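Colleague: One structure is given below, represented as structure tokens, and several questions about it will come after.
The values are calculated or read from the model by the stated rules, or taken from the named source; none is laboratory data. Predicted model only: the values in this text are computed from it and were never measured. All Cβ positions, even for glycine, are placed from backbone atoms using ideal geometry, and neighbour counts span all protein chains on display.
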Amino acid sequence: MFQFSPHRPSTEMYLDIARGVIPNSKIIHKFGANFDIDQGSDPESIWTGGGPYPWASLATAQTIYAISTDASDTSTLTIEGLDSDYNEQTETVTLNGTTAVTTTNTFLRVFRMTYDATNVGTITARVTSGTGTVVAQIEAGDAQTLMAIYTVPKDYTAYMVTTDMTINSKRDCTVLYYLRRYNKPFRIAHIAEANEHYRYDFFAPMAIPERTDIDVQVDNVSANDSSVTANFDLILIRNY
């Protein structure tokens, strides 16, 4: 099983993981944005759906309804997440514009979507129906979700090695990293006051157990219409 080595340069180790040289390990880079946070609406998760992420809508595995706001979006959409046992799961569907299409599989978590063309409309993944709660969203022209949301798959431990966030020039906020371990409530695992930009490199990577939800949120924005982005890097190591 892979172990971190203090005697090996970290950049070389990370490169070997990215190249697939080190077995049972991989790098996950998550990035998100929330382009409109007001003082009266925070705290909000850093994702383009706006507001707090709707974790309760994925309390059980759900069929995903994918739909666009523009009829011309008819290319393929790849949905990444977890199945009912927290195993990694990916499914590709062909969009049908403003008519919802459903996944064959059910998803307990959705944490990334990619579209294989430039989307004209806003693409959403919803539960219950084509008008149900949004659990992932691609803004027009992005072809990719922007969501600082993730859940550690079954049989893996995640190690957070670095994180950063930005807010509009001359503004500040509080950034909170929430973790929800399996069958436990959300708790703050990392917090900081940010002025325009914040970055933290963990001296010792933060170990995050399997089936733990990660939700990066922003609170106490100093002005309305604040735009916030966030990134974090994880190394996933298989537990056996």
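Colleague: Restricting attention to the range 62-82, report how many residues are part of a strand (DSSP E or B) and not aliphatic (A, V, I, L, M).
Modeller: Residues in the range 62-82 being part of a strand (DSSP E or B) and not aliphatic (A, V, I, L, M): 8 in total.
Colleague: Could you grab me the full set of residues in the range 27-77 that are without any contact (Cβ under 8 Å) to a residue 24 or more places away in the chain and of a type in the set (A, V, I, L, M)?
Modeller: Residues satisfying the conditions are A56, A59.
Colleague: If you don't mind, another one. Given the conditions (1) within 25 Å of I46 (Cβ to Cβ); (2) in a loop (DSSP other than H, G, I, E, B), and given that A117 satisfies all but one, which numbered condition is not satisfied?
Modeller: Checking A117 against (1) within 25 Å of I46 (Cβ to Cβ); (2) in a loop (DSSP other than H, G, I, E, B), the one that fails is (1).
Colleague: Moving to a separate point now. Name the strands (runs of 3 or more DSSP E) wholly within the range 179-240 that hold at least 1 residues that are among the aromatic types (F, W, Y) and either outside the structural domain of D16 (by TED's automatic domain parsing) or modelled with pLDDT under 95 (or both)?
Modeller: Qualifying strands (runs of 3 or more DSSP E): 197-208.
Colleague: Right, next: So the check is Cβ under 7 Å with 6+ separation or different chains; which pairs have a first residue in the range 174-193 that's on the phi > 0 side of the Ramachandran plot and a second one that's surrounded by fewer than 16 Cβ atoms within 10 Å (Cβ to Cβ) and part of a strand (DSSP E or B)?
Modeller: Every condition considered, no pair remains.
Colleague: Next up: Return yes when D85 is modelled with pLDDT of 95 or more, in a loop (DSSP other than H, G, I, E, B), surrounded by fewer than 18 Cβ atoms within 10 Å (Cβ to Cβ) and not small (G, A, S) and no when it is not.
Modeller: In short, yes.
Colleague: Among the residues of the range 101-121, write down those that are surrounded by fewer than 19 Cβ atoms within 10 Å (Cβ to Cβ) and closer than 11 Å to A66 by Cα.
Modeller: Across the range 101-121, the qualifying residues are V101, T102.
Colleague: Oh, and also: Residues T118, T99, T128, T104: which one is on the phi > 0 side of the Ramachandran plot, assigned by TED's automatic domain parsing to the domain that holds D83 and more than 20 Å from the chain's Cα centre (by Cα)?
Modeller: Working: T118 fails: on the phi > 0 side of the Ramachandran plot; T99 fails: on the phi > 0 side of the Ramachandran plot; T104 fails: on the phi > 0 side of the Ramachandran plot.
Result of the check over T118, T99, T128, T104: T128.
Colleague: Any residue in the range 33-54 that is closer than 10 Å to L108 by Cα, of a type outside the set (K, R) and either assigned by TED's automatic domain parsing to the domain that holds V221 or outside any strand (DSSP E or B) (or both)?
Modeller: Looking only at the range 33-54, we keep the residues that are closer than 10 Å to L108 by Cα, and these are none.
Scanning the range 33-54 turns up no residue that is closer than 10 Å to L108 by Cα, of a type outside the set (K, R) and either assigned by TED's automatic domain parsing to the domain that holds V221 or outside any strand (DSSP E or B) (or both).
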